[in-house]
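Heads up, the thing below is written out as structure tokens.
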Amino acid sequence: MRKLVVLFGVLGLLVAGCGGSSKSSGQSHTVLQVSKAFYDAGLPFSGIVTGNPYVTGQAPFLPAGLNNSDMRFNVDAELSGSDLRIHSGEVVWVFDTDAHAQQALEAVPLPKWGEGPQHITRGVYGNVVVVASGFSGSAKAKLDKALNALK
């Protein structure tokens with residue numbers, strides 16, 4: 001019984017840190033909400049990097065000059081996933097506030113986020129910036145479902 005109480009206590013702290021109330025913090029979406037939107041659409045993430053300065057050995061990779069700036073500390077998480085069968089992949093940055101996402105986009109406009117020979121889908125949903133490449137057909141339908149959940 002004691003183990004269950006400890007487990008629920010730890011889970012409660014984890015949800016509070018990742019999921020908490022987004023409206024009061026100026027954040028449209030939490031990492032948990034974004035992860036769930038993609039998971040429910042059939043595009044689970046396989047990688048996560050945090051911008052938390054107290055977690056060593058990790059720093060989100062941001063485009064262009066943002067990568068060397070302190071803006072990386074305004075990213076709660078950089079989520080990524082790929083499907084080697086269809087050569088598709090997505091990178092999603094969840095900023096700590098909508099305002100910080102807008103500052104990043106002012107410094108590097110959205111068309112400069114992501115490059116490559118494949119068609120690239122880009123979008124901004126409050127504090128979330130999405131760059132996805134190689135999605136077509138049924139895979140594009142999954143991506144659209146995930147993005148619609150963020151609107």
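Listed values, structure above:
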item: Unique match (being farther than 19 Å from ALA146 by Cα, of a type outside the set (A, V, I, L, M, F, W, C) and within 14 Å of the chain's Cα centre (by Cα)) among PRO60, PRO44; result: PRO60
item: Filtered residues of region 88-113 (kept if farther than 19 Å from GLN27 by Cα and either exposed (fewer than 13 other Cβ atoms within 10 Å of the Cβ) or in contact with a Pro (Cβ under 7 Å, 6 or more places away or on another chain) (or both)); result: VAL108, PRO109, PRO111, LYS112, TRP113
item: Looking only at region 37-68, and only at residues there that are free of Cβ contacts under 8 Å to residues at least 12 places away in the same chain and outside any loop (DSSP other than H, G, I, E, B), the one that is farthest from VAL130 (Cα to Cα); result: ASN68
item: Subset tally (residues that are buried (at least 18 other Cβ atoms within 10 Å of the Cβ) and assigned to a helix (DSSP H, G or I)) for region 118-138; result: 0
item: Qualifying residue in region 85-102 (condition: at pLDDT 95 or above, in a loop (DSSP other than H, G, I, E, B) and charged (D, E, K, R)); result: yes
item: Subset tally (residues that are open to solvent by 60 Å² or more (accessible area, probe 1.4 Å) and touching a residue at least 40 places away in the same chain (Cβ under 8 Å)) for region 69-87; result: 3
item: Condition check for VAL55: out of contact with any helix residue (DSSP H, G or I) (no Cβ under 6 Å at 6 or more places or on another chain), closer than 22 Å to GLN27 by Cβ and surrounded by 16 or more Cβ atoms within 10 Å (Cβ to Cβ); result: no
item: Scan of region 1-36 for residues that are at pLDDT 50 or above and in a helix (DSSP H, G or I), ordered by number; result: LYS23, SER24, SER25, VAL31, LEU32, GLN33, VAL34, SER35, LYS36
item: Output for region 34-47, where each listed residue is out of contact with any helix residue (DSSP H, G or I) (no Cβ under 8 Å at 6 or more places or on another chain) and buried (at least 17 other Cβ atoms within 10 Å of the Cβ); result: SER35
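The values are calculated or read from the model by the stated rules, or taken from the named source; none is laboratory data. Computed from a prediction, not measured in an experiment: that's the story for all the values here. With ideal geometry, Cβ positions are generated from the backbone for all residues, glycine too; neighbour counts draw on all protein chains shown. Areas reflect the complete protein model, heavy atoms only, side chains present, ligands, DNA and RNA absent. Shrake-Rupley method; radii C 1.70, N 1.55, O 1.52, S 1.80 Å.
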